[in-house]
1. What distance in nm separates the simple spin-label points at Asn415 and Arg107, each placed 7 Å from Cα in the Cβ direction?
2. Going by how many other beta carbons lie within 10 Å of each one, how would you line up Ser222, Ser417, fewest first?
3. Can you give me the relative contact order of the chain as a percent, contacts being Cα pairs under 8 Å and 6 or more apart?
4. Select from Leu208, Ile227, Pro254 the residue farthest towards the positive end of the dipole of the range 199-287; place +1 on Cβ of Lys and Arg, -1 on Cβ of Asp and Glu, and compute about the Cα centre.
5. Restricting things to alpha carbons, find the Rg to Rh ratio for the range 215-348 using the Kirkwood radius for Rh.
6. To the nearest 20 debye, what is the magnitude of the charge dipole of the chain about its Cα centre, counting +1 on the Cβ of each Lys and Arg and -1 on the Cβ of each Asp and Glu?
7. Express the relative contact order of the range 174-246 as a whole percentage, based on alpha carbon pairs under 8 Å and six or more residues apart in sequence.
8. Which whole number of Å³ per residue matches the convex hull of the alpha-carbon atoms in the chain?
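Read the figures in this text as sums done on the coordinates, not as results from a lab. A quick note: this is a predicted structure, and the numbers were derived from the prediction, not measured. Reconstructed Cβ throughout: ideal geometry from the backbone, glycine too, with neighbour counts over all protein chains shown.
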Amino acid sequence: MDICVIGLGYVGLPTALEFASAGHNVLGVDVNKDLLCDLDAGSFKSPEKGLNELYRDVLSIGSLRTSLNPEIADVYILALPTPLATNKVADLSAIKEVAARIRPLVRKGTLVILESTVPPGTTKELEAWIAVPGALFVHVPERVLPGNLLHELVYNDRIIGGLTDEASAAAVALYKSFVKGTLQVTDAPTAEMAKLMENTYRDVNIALANELTRICHCLGISASEAIELANQHPRVNILRPGLGVGGHCIAVDPWFIVEKVETEGSIIRASRMTNDSQPDYVRKCLEFIKGSSVRGMRVAVLGLAYKGDVNDWRESPALELLEILKRQGAQIMVHDPLISVANEWQSRDLVEVLGWGDSVVVATDHSYYRHIPPDILLKVRRNSVVLDARGVLDISVWKKCGIQVHRLGDGTAWNLSQANDLDAQEEA
Ligand code: SAJ
């Protein structure tokens, strides 16, 4: 089949490579000329496990071409960004624009697949934007986890939501060429909603863990121990509190549900608010433990990525924390083992960062931080306050080095009204 994959991001490119490796002729389309040059020149590199090997295999077969422009094909796969606009609704402009570009190329029987995460009803809208009678439209939401992307792309079950049975059947036949998981057929709005529900479920559950931990702080109860005990119930699985939710999916997708029905969605909205306010909550925790406002404090922040062991800082709550600390007059130094620069933040040497700060906040649960050797820990300044907002540090090793580590939910009573008082004093 001739397949045109439009959008070669973290979903589109691996998808294009899998189809190319499965024997299809693939045209990869993107607006990023540098990426296309790298792909054509054989110099593309990715930190994602297995992706470089797959790319080299495809290069040797010669089944992937790239272009800035779509061409006539049997199948179009749209893997385009659908960010959140400032008014908390989905920005579908990239999809609309591509719909206009492929419209003259689509024929009766052409399969148009939307992989991007979208509000319910968007696949139907896409059909109207393209408006070619007999063309087949399907929503096939992506479900991959950065860091384990290729494995999940092949082995996860996939939802296939066609506007018609014929469209679903065509998509099933296509995805069978590399997906080993089950292909579950439904209609397009159900597929759209199922994808959004997956990430909303996770967001609400993370918010619950964060909220329970805040309540435990007020009561002087160990949230981590209580969560561990509650999770021994066979039907309970409370997640971990942290710095909030990052990445471009979980912090965004719940809004695509609530935008559709204004009169409902209170739990979903509240969860978004809780998770979004978590970086500022952690700032208050730091002030409480240190007993002073962050103004002038030398804060060493460990981690820029939105979650552990990835080099992705999209919507990272670590960056939000950095912005808050900067706004409030803290001095800041940053380290991340996988990211050298994110926005204005440049990763520095860990020894330098730890030796400089009079407080340390762990913002990302990179496994690297679990194994910081004692000779480096000895560089941490005496009397530094260490707040592990991700529960990743091996506290016993830090303790042996004479450093007390504070964790969210560790059982200490944190009366954050004191931090609120400091805020009020700052404002006055
Ligand atoms: N987090 C916590 N506490 C936890 C678990 C996670 O604070 O107990 C934080 C993480 O640190 C991170 C955020 O939540 O900042 C989200 O991380 P994640 O690993 O839960 O998910 P993502 O955003 O990397 O990928 C999600 C996945 N969806 C689900 O697990 C339901 C993935 O399968 C989707 O494909 C992806 O969103 C997407 O593209 O939609």
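1. Simple spin-label model gives 7.7 nm for this pair.
2. Ser417, Ser222
3. 12 percent
4. So the residue we want is Ile227.
5. A ratio of 1.01.
6. Working: 42 positive and 54 negative charges, 136 e Å.
My answer is approximately 660 debye.
7. Details: 34 pairs, mean separation 23.6, N = 73.
32 percent.
8. Cα convex hull per residue, to the nearest whole number: 158 Å³.
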